[in-house]
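Below is one structure, written out as structure tokens; comments come after it.
The values are calculated or read from the model by the stated rules, or taken from the named source; none is laboratory data. All values derive from a computational prediction rather than experimental measurement. Glycine gets a Cβ as well: all are built from the backbone with ideal geometry, and neighbour counts include every protein chain shown.
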Amino acid sequence: MSDAGARARFASRIEELEDDVVAFCAELVRIDSQNPPGDTGPLVAAIEARLGDAPGVHARRIVAEDPAVNLVAMVSGSKPGRRLVFNGHLDTFPIGDTAGWSTPPLGGEIRDGRIYGRGACDMKAGIAASVTAFLLLAEFRGDWAGEAVLALVGDEETGGRWGTQHLLANFEETVGDAMISGDAGSPLVARIGEKGNLWVKVEAAGIANHGAHVHLGQNAIEALLDALTPVLALGDAPSQLPEAIARTIREAAPISEALSGAGESDTLQRITVNLGRIEGGLNINTIPNSAKALLDFRLPPGTAVADLHARIAAALDPLRDVTWEVLSECEPNWTEPDHELVRLVHDNARAVLGRDVAVNLRPGFSDARFYRQKGVPSVVYGVAANNMGGTDEFADIEELHAVFAVHALTAFDYLSA
């Protein structure tokens with residue numbers, strides 16, 4: 001579709017916009033979008049102002065549940081073709097206690113090669129990169145075919161029901177043929193998949209009485225602990241990954257584990273279970289009549305949610321006075337490592353950074369899972385998660401430059417192929 005000259009001009013404009021994307025990220029950080037309460041209207045207004053009267057761009061707000069405002073924008077190329085979506089979330093973690101911050105949490109301070117503030121890395125840097133790449137595509141819309149779409153959502157930190165899930169279910173233009181997300185990660189790793197999750201509540205019932213009269217009561221906490229023993233052991237259950245995914249994880253380890261910690265590769269390849277909360281009882285000298293535990297299971301590719309359901313049922317269903325229920329679930333999801341989009345992100349990242357770049361899964365989940373459930377190939381490529389959700393959260397400016405360049409070049413290459 002496009003010639004080498006057009007791509008060279010496109011790449012030159014990326015360099016010219018480096019300061020602009022940094023200033024834009026800082027501007028976004030200064031706008032409060034903590035969730036809760038999840039009011040993303042002011043942030044959407046700032047992005048709408050940035051889109052302005054850009055040639056060929058059509059944008060609209062979509063609200064499924066106040067105050068979470070979503071923004072969808074589209075621009076078309078020179079003729080019909082494929083559709084590429086930039087997806088990202090506008091809401092951030094709460095700031096919480098401001099003690100310990102060296103800079104105002106909503107200050108967007110630029111200092112020592114960093115942009116500081118709540119949401120800087122998660123994911124206002126990614127939003128700034130994607131929006132600026134989108135505008136650059138609009139500028140060069142005569143050199144590619146198809147459509148580029150921004151699908152920016154106001155509800156991710158609390159599950160995505162009113163954000164990405166709502167858009168994909170109701171607005172066809174947000175689905176696309178491929179998706180890039182700038183959610184936090186690292187420019188050195190293109191994340192192509194995620195473990196599945198299963199959140200489970202286990203409850204045990206007992207008979208209350210005085211702690212001195214154990215012969216008259218039935219301790220629910222003890223019953224719960226007995227029930228949890230075989231459930232926690234499910235983390236040792238064998239998993240059989242697809243060979244392409246297992247190979248990808250192994251090959252990524254030298255780069256990925258240096259960033260995410262030794263043991264990440266093992267975590268990605270097996271079922272993990274975290275006992276996140278346990279509660280029960282009133283006093284030291286009373287027998288509790290109820291107890292509850294919350295567990296977070298993560299499933300590697302090759303293990304279905306139904307398989308884990310069956311294993312939990314086998315462990316708990318025979319137990320008297322013990323019940324369990326699923327609170328949330330999602331199948332493992334991934335894009336094939338040899339997919340065109342993965343190759344483009346990887347090759348552009350390697351060229352931009354001038355060093356080897358890994359392709360890998362991520363242990364946690366993002367809105368990319370909803371796209372993969374729709375059959376849309378998706379890659380998450382963003383800045384490192386520096387103090388994400390904590391004190392002095394920041395985005396590295398060099399990393400932001402790299403993410404912007406990779407988003408823009410990958411989109412241009414994909415749409416001009």
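Answer yes or no: is there a residue in the stretch 299-314 that is among the charged types (D, E, K, R), touching a residue at least 60 places away in the same chain (Cβ under 8 Å) and in a strand (DSSP E or B).
Within the stretch 299-314, the subset among the charged types (D, E, K, R) is 307, 311.
Then keep just the ones that are touching a residue at least 60 places away in the same chain (Cβ under 8 Å); that gives 311.
Adding the requirement that they be in a strand (DSSP E or B) leaves none.
No - not one qualifying residue is present in the stretch 299-314.
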Among Gly206, Gly196, Gly217, Gly185, which is closer than 30 Å to Arg355 by Cβ, in contact with a strand residue (DSSP E or B) (Cβ under 6 Å, 6 or more places away or on another chain) and not charged (D, E, K, R)?
Gly185
Quick one: Leu327 ticks every box in (1) under 25 Å from Ala385 (Cα atoms); (2) under 20 Å from the mean Cα position of the chain (by Cα) bar one, so which box is it?
(1)
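Taking the options Glu329, Glu325, name whichever one is surrounded by fewer than 22 Cβ atoms within 10 Å (Cβ to Cβ), in contact with a helix residue (DSSP H, G or I) (Cβ under 6 Å, 6 or more places away or on another chain) and in a strand (DSSP E or B). Steps first, please.
On the way: Glu325 fails: in contact with a helix residue (DSSP H, G or I) (Cβ under 6 Å, 6 or more places away or on another chain).
The match here is Glu329.
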Residue hits (the stretch 244-266; modelled with pLDDT of 95 or more and of a type in the set (S, T, N, Q)) are Thr248, Ser256, Ser265
I'd like the residue in the stretch 47-76 that is assigned to a loop (DSSP other than H, G, I, E, B) and either closer than 20 Å to Thr132 by Cβ or not assigned by TED's automatic domain parsing to the domain that holds Gly159 (or both) and, out of all such residues, is modelled with the lowest pLDDT.
Asp53
As an exercise: evaluate Arg320 against (1) surrounded by fewer than 16 Cβ atoms within 10 Å (Cβ to Cβ); (2) under 25 Å from the mean Cα position of the chain (by Cα); (3) basic (Lys, Arg) and give the number of the one condition it does not meet.
(2)
Determine whether the stretch 47-61 contains at least one residue that is more than 29 Å from Phe365 (Cα to Cα), free of Cβ contacts under 8 Å to residues at least 60 places away in the same chain and among the hydrophobic types (A, V, I, L, M, F, W, C).
yes
Here are some conditions: (1) touching a helix residue (DSSP H, G or I) at 6+ places or on another chain (Cβ under 6 Å); (2) surrounded by fewer than 24 Cβ atoms within 10 Å (Cβ to Cβ). Gly182 meets all but one. Which one does it not meet?
(2)
Could you look through the stretch 335-352, keep only residues that are hydrophobic (A, V, I, L, M, F, W, C) and either at pLDDT below 95 or crowded, with 17+ Cβ neighbours inside 10 Å (or both), and pick out the one that is farthest from Ala417 (Cα to Cα)?
Val352
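Can you name every residue in the stretch 233-258 that is outside any loop (DSSP other than H, G, I, E, B) and surrounded by 16 or more Cβ atoms within 10 Å (Cβ to Cβ)? Show your work before the answer.
In the first step, residues of the stretch 233-258 are kept if they are outside any loop (DSSP other than H, G, I, E, B); the result is 233-236, 243-258.
Of everything in the stretch 233-258, those that are outside any loop (DSSP other than H, G, I, E, B) and surrounded by 16 or more Cβ atoms within 10 Å (Cβ to Cβ) turn out to be Leu234, Ile245, Ala246, Thr248, Ile249, Ala252, Ala253, Ile255, Ser256, Glu257.
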Sort through Val342, Val376 and tell me the only one that's of a type in the set (A, V, I, L, M, F, W, C), in a loop (DSSP other than H, G, I, E, B), closer than 22 Å to Ala411 by Cβ and touching a strand residue (DSSP E or B) at 6+ places or on another chain (Cβ under 7 Å).
Val376
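Are there any strands (runs of 3 or more DSSP E) wholly within the stretch 165-208 with 1 or more residues that are closer than 24 Å to Arg343 by Cβ, touching a Cys at 6+ places or on another chain (Cβ under 7 Å) and of a type in the set (Gly, Ala, Ser), and if so which?
Numbers: elements: 178-181, 189-194, 196-205.
The strands (runs of 3 or more DSSP E) meeting that bar number zero.
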Name the one entry in Glu336, Glu399 that is farther than 30 Å from Ser76 by Cβ and touching a residue at least 60 places away in the same chain (Cβ under 8 Å).
Glu399
